[in-house]
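Asks: Pasting a structure below so you can have a look.
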Amino acid sequence: MGKLVIVGTIAFDAIETPFGKTDKILGGAATFIGLAASHFNVDIAAVSVVGGDFPKAYLDLLSNKNIDLTGVEIVKEGKTFFWSGRYHNDMNTRDTLVTELNTMGNFKPKVPKNYQNADVVMLGNLHPLVQSNVLDQMSETPKMVILDTMNFWMDSALNDLLQVIKRVDVIAINDEEARQLTGEYALVVAARKIHEMGPKYVVIKKGEHGALLFHDGHVFFAPALPLEEVFDPTGAGDTFAGGIAGYLAKTGDTSFDNMKNAIIYGSTLASFCVEKFGTERMVNLSNTEVFKRLMQFKQLTQFDIELT
Ligand code: AMP
């Protein structure tokens, strides 16, 4: 069985969308990534930190999904990372209302010994020095290292970010972030520049318009499934990345063809995430539902054309 290490936030989120508002609920990048990856029957360890205010029920929820929490530090006297956001009417854009780092502010990641030889490492959106620190702890070179980041780190820690980008195989960022990182508007040119920074696979997310996978002069497109209801996009990007990471840990195949499948899995899982608030949909998602939606995806993109 493949082994996957995930580093990222385990958090409280408070979300406002045109459909409603939540109090502090379970959130965080590592949470969404872990829930998505739990569909692949691989060994998963989360590396994170929470405060003494974090409910045991949330931790149990994650360990019941077979996510090893040995690497999740609990700082009894500290508070858990808190993020609050409000979505605009188009549901594609959002404002961050609050980010309280709390215990995340002094986070020193510790990869459990039995996971230092993991096949896949998923570096969730965090300070690039924390991401590098996790890679430093690996005793063997992982088959695949996947990195997520955001404009905030490009603004505040660009050099550290460029150092960690050099060390990863896959980068998954959204279109605006790819443009900011490279100064290029055309995504094909931006992807080429990011390749030159290190990663052999560049995944550019375009929200409800799907995702592009670039590799060695080739490009593959995965649509997002057109949905009737989108309640809350929070965590969709992390869920997408978690699907990729879980699938790669399961298959151990890092070829371009297999990466295409990984992207389709990521899109499929993300399509569920947005249907309910926070993690609600992902917590109760069955493998049968995932399988059915994969079939829908196939129908969405498959066609026969005679090329003469
Ligand atoms: P996404 O919608 O995929 O961008 O991910 C949203 C999740 O990321 C939320 O559950 C937040 O708790 C978490 N998050 C928000 N801001 C940050 C940040 N600056 N660093 C790490 N995680 C964050």
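The values are calculated or read from the model by the stated rules, or taken from the named source; none is laboratory data. None of the values given here were measured: they were computed from a predicted structure. Backbone-built Cβ (ideal geometry, glycine too); neighbour counts: all protein chains shown. The area values use the complete protein model at the heavy-atom level, side chains included, leaving out ligands, DNA and RNA. Shrake-Rupley method; radii C 1.70, N 1.55, O 1.52, S 1.80 Å.
Asks: Please state the shape class of the chain: rounded when a/c is under 1.5, otherwise prolate if a/b exceeds b/c and oblate if not, all from the C-alpha gyration tensor.
Replies: Rounded shape, in that the Cα axes give a/c under 1.5.
Asks: Kirkwood Rh, region 41-129, all Cα pairs: how many Å?
Replies: The answer is 14.9 Å.
Asks: Something else: Determine the sum of side-chain charges near residue 105: Lys and Arg each +1, Asp and Glu each -1, restricted to other residues whose C-beta is under 14 angstrom from that of residue 105. Can you show the working numbers first?
Replies: Details: positive: 79, 108; negative: 73, 77, 100.
Overall, the nearby charge balance is -1.
Asks: Ok, one more. Taking 8 Å as the Cα distance limit and 6 or more residues as the minimum spacing, I'd like the relative contact order of region 91-161 as a percentage.
Replies: 33 percent
Asks: Once you keep just the Cα pairs under 8 angstrom separated by 6 or more residues, what percentage relative contact order results for the chain?
Replies: Values: 662 pairs, mean separation 55.6, N = 308.
Averaging sequence separation for qualifying contacts and normalising by length gives 18 percent for the chain.
Asks: Cross-link partners among aspartates and glutamates for residue 3, C-alpha distance below 14 Å, same-chain residues fewer than 8 apart left out?
Replies: 43, 68, 119, 140, 253
Asks: Listed highest first by mean packing, meaning other Cβ atoms within 10 Å per residue, what order do 144-155, 17-28 come in? Before the final figure, lay out each step's value.
Replies: Values: 144-155: 20.2, 17-28: 16.8.
Highest to lowest by the protection proxy: 144-155, 17-28.
Asks: Turning to a different aspect of this structure: Please compute the Kirkwood hydrodynamic radius over region 125-164, one decimal place, Å, based on all pairs of different Cα atoms.
Replies: 10.7 Å is the Kirkwood radius here.
Asks: What shape does region 83-239 have by the C-alpha gyration tensor, where a ≥ b ≥ c are the square roots of the eigenvalues, rounded means a/c under 1.5, and otherwise prolate means a/b greater than b/c and oblate the rest?
Replies: Oblate is the answer for region 83-239, as a/c is 1.5 or above yet b/c matches or exceeds a/b.
Asks: Just want the answer: with Cβ charges of +1 for Lys and Arg and -1 for Asp and Glu, which residue in 104, 139, 20 is farthest toward the dipole's positive end in the chain?
Replies: 139
Asks: How much of the DSSP bridge set in the chain is antiparallel, in percent, rounded to the nearest 5?
Replies: Roughly 40 percent of the DSSP beta bridges within the chain come out antiparallel.
Asks: Taking the solvent-accessible surface of protein heavy atoms with a 1.4 Å probe, what is the per residue accessible area of the chain in Å²?
Replies: Using a 1.4 Å probe on heavy atoms only, each residue of the chain averages 46 Å².
Asks: Between 90, 238, 60, where does the largest GNM mean-square fluctuation fall for the chain, given springs only between Cα atoms within less than 10 Å?
Replies: Checking each option, the largest mean-square fluctuation is seen for 90.
Asks: To the nearest 20 debye, what is the magnitude of the charge dipole of region 104-159 about its Cα centre, counting +1 on the Cβ of each Lys and Arg and -1 on the Cβ of each Asp and Glu? Before the final figure, lay out the partial values.
Replies: Numbers: 4 positive and 5 negative charges, 44 e Å.
Using Cβ point charges on Lys, Arg, Asp and Glu, region 104-159 gives about 220 debye.
Asks: Please return the longest range in the chain lying between exposed loop sites, taking GluC sites (Glu not before Pro), DSSP loop only, at most 14 other beta-carbon atoms within 10 Å, and leaving the sites out.
Replies: Of all site-free stretches, the longest is 141-227.
Asks: Give me the percent relative contact order of region 178-283, please, defined on Cα pairs under 8 angstrom at least 6 residues apart.
Replies: Numbers: 146 pairs, mean separation 23.3, N = 106.
It comes to 22 percent, rounded to a whole number.
Asks: Please state the charge dipole magnitude for the chain, taken about the Cα centre, from unit charges on C-beta atoms (+1 on K and R, -1 on D and E), reported in debye and rounded to the nearest 20.
Replies: Roughly 520 debye, rounded to the nearest 20.
Asks: Suppose only helical runs count, i.e. DSSP H with n ≥ 4. What mean residue ellipticity at 222 nm does that imply for the chain under -39500 (n - 2.57) per run, divided by all residues and rounded to the nearest 500 deg cm²/dmol?
Replies: Calculated from helices alone, the mean residue ellipticity at 222 nm is -11000 deg cm²/dmol.
Asks: From the phi of every residue in region 282-292, what ³J(HN,Hα) in whole Hz does the Karplus formula 6.51 cos²θ - 1.76 cosθ + 1.60 yield, where θ is phi - 60° and glycine or proline is x?
Replies: 6, 5, 9, 7, 9, 5, 5, 4, 5, 4, 4
Asks: Another question, if that's okay. Measure off, as a whole percent, the carbon and sulfur share of the 1.4 Å-probe accessible area of the chain, all protein chains present.
Replies: Roughly 49 percent, rounded to a whole number.
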